[in-house]
1. Any chance you could list the semi-axes, whole Å, largest first, of the equivalent ellipsoid that the Cα gyration tensor gives for the range A:238-365, using √(5λ)?
2. To the nearest 10 degrees, how steep is helix A:564-581 against the longest Cα principal axis of chain A, on a 0 to 90 scale?
3. Could you give the length gained on full extension between residue A:562 and residue A:248, defined as 0.36 nm per residue of separation minus the Cα-Cα distance, in nm?
4. When the Cα atoms of the range A:445-581 are enclosed in a convex hull and the volume is divided per residue, what value in Å³ results?
5. Can you give the net charge of the other residues whose Cβ lies under 14 Å from the Cβ of residue A:512, counting K and R as +1 and D and E as -1?
6. With contacts defined as alpha carbon pairs under 8 Å and 6 or more residues apart, what's the relative contact order of the range A:255-388 in percent?
7. Just subtract the alpha-carbon distance of residue A:39 and residue A:466 from 0.36 nm times their residue separation and send over the number in nm, one decimal.
8. Using a 1.4 Å probe over the heavy atoms of the protein chains, calculate the carbon and sulfur portion of the accessible area of chain A as a whole percent.
Amino acid sequence: MRWTQTFIPTLKETPADAEIASHKLLLRAGLVRKLTGGLYTFLPLGVRVLRKIERIVREEMDRVGAIEVSIPCLQPPDIWQQSGRYTTAAEVLYHVFDRAKKEWVLSPTAEEVITQLAANELSSYRQLPRNFYQIGVKFRDEIRPRFGLMRAKEFVMKDAYSFDVNDAAAMVSYRKMYDAYTRIFARCGLRAFPVEADTGVIGGNYSHEFMVPAETGENEVVYCESGQYAANIEKATSRGPLAGTPTASTSPAPEKFPTPGVVTIDALAAAPYNVAAHQQIKTLVYVADSKPILVLLRGDDQLNEAKLMARTGATQVRPATADEVFAALGAHPGSLGAVKTTLRVADLRIYADRALQGAAGMTTGANDDGFHFRHIEIARDIEVNQWADFRTVQAGELDVETGQPLKIRRAIEVGHVFKLGTKYSEKMNALYLDEAGKQHPCVMGCYGIGVTRTLQAIIEQGNDKDGILWPLPTAPFAVCLTPLSVAPDSAPMKLAEQLYAELTARGAEVILDDRDERPGVKFKDADLIGFPLRVNLGEKAMARGEIELKPRGGNLSFVKIENVATAISDWLAAESARYAAAVPSA
RNA sequence: CGGAGCGUAGCUCAGCCUGGCUAGAGCGCCAGCUUUGGGAGCUGGAUGUCGCAGGUUCGAAUCCUGUCGCUCCGACCA
């Protein structure tokens, strides 16, 4: 490709609405332009990178036997009602209406359509396993689009759906996808690692997310340096809080005492009360699927809402409003407790975190504004309906398996694999007949990769002060030929033309910067875009019979003119091999 | 939706507080000359419904009200 024949509008200054490095560089390097918040037009270079990632994804999907289909984005709402997600996923669904005022939805993902397809087309165990995938545009009514392509209203996703005869077979399908994902990200030159994940509204019971470590990521990952454990913080567990929970009885009965104006854990921990946070019981009022519930945690712990949803089986949970709190407990936040003698609403389920098991000598609110209880023994004074893990893991706590301290870091989620089970196949009648002629629901899995997000994650992971550092496998062009004179009969331009023809014939992806610009402009642009190899063709070095190779982020080297084409090919081959070596064999 | 901030040239921004002359700068763009190894220099030029609507005023980019859009923080996710 010749630079002047394509469209690469680079920006010298940073657009005001971009916040993180990758977003700025997407715009500055001329890969995309914003239409409006959460919607981007891909320009030629952006399209090239997108196609390269898609190609890698396709190759790896095909390799593990997934088969490509293409599902409409515009979908009838009734199948969404059938699966139940018309309400459970309501917030992300875009609704559109046709001339007849009939409603349609824009697909954020395609479990419903694919399961219906399976219901219609797959009827025998002989037809299983099957794994359908597609790469296409998805729509999500994001509350707040952010960070360019990272969280957009419209984005490119690869989604795959597997159908198996039973759980064991589904695990085989799951594992294949898991391995394919590992290869895909490695081939993209991306350092992504799998972590155990919560399943959220999609449902299912087993799941991993593929994470790219990045300070700007929107997820928190808890991991053990042994490499044996990594989980999304929504899912992560540990051996529990570092400070032990007191279990020694301090009095035969609770004692109510005045705490005027004390409405926070910290205030009660301070003088004159001096009740350490881990000796307090925090009482939260939540509304789970429109029913109020109580959640008890140790004072120094934070509730993990994903766990609350998982343990209660609720599809929606939220903190109660001030009015709802008062209606449930007769006191305001800051003086709440679950002590049985103070509860007035009969049917109020109480969930308690395991860190509180056996706790004694605790302090908690008295459901009377301005009063607390001390000497609380949880087994004696509180009727807990369900004990479970509800707390958010904190850095430094010990790994359940290895006993080593856990660390927490931020990351970008680029892929997600789920074992779905029969949730959708049962609802949508995706049934098959086994050898004995008996009917069973297919056991499903679903698997997503955010293609456009992956693109940006690559930039977020590879950039410096000058611009993007593209890994060779996803670079828009591998080589940028930079003649410092573009006069058609000049030595640099002639050689550039010759190299361009030769390298292109050898299959290399080459862009020829044939712009009549000053060298500085060309160098800055090439560095900004981040082509892996820049070949500088200048009069001076050429007079010495040499030309310069400048790998992006590497050191300048000189090669004899007669060896240039070979040297470039060799460099590309070596670089290619380096990335290939990082890909686990299937 | 809650909180904060911003809308002035293609881009980055000044001007607004304390209303007043012809609305500015840098970059980019166009023409010419010069220059040619890290975003050049000189000369000349084009470019604005000051987000939109209403109000106050002799007079509004500036003050007030409303509205739309964008960005950031929080809840959501590939």
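1. The answer is 23, 18, 14 Å, longest axis first.
2. 20
3. 104.6 nm
4. 126
5. -3
6. Taking the mean separation of contacting Cα pairs over the length of the range A:255-388, I get 29 percent.
7. Full extension from residue A:39 to residue A:466 adds 151.1 nm.
8. 52
The values are calculated or read from the model by the stated rules, or taken from the named source; none is laboratory data. Quick caveat: nothing in here was measured; it's all calculated off a predicted structure. Note: ideal-geometry Cβ built from the backbone for every residue, glycine included; neighbour counts use all protein chains shown. Only protein heavy atoms, including side chains, enter the accessible area calculation; ligands, DNA and RNA are left aside. Shrake-Rupley method; radii C 1.70, N 1.55, O 1.52, S 1.80 Å.
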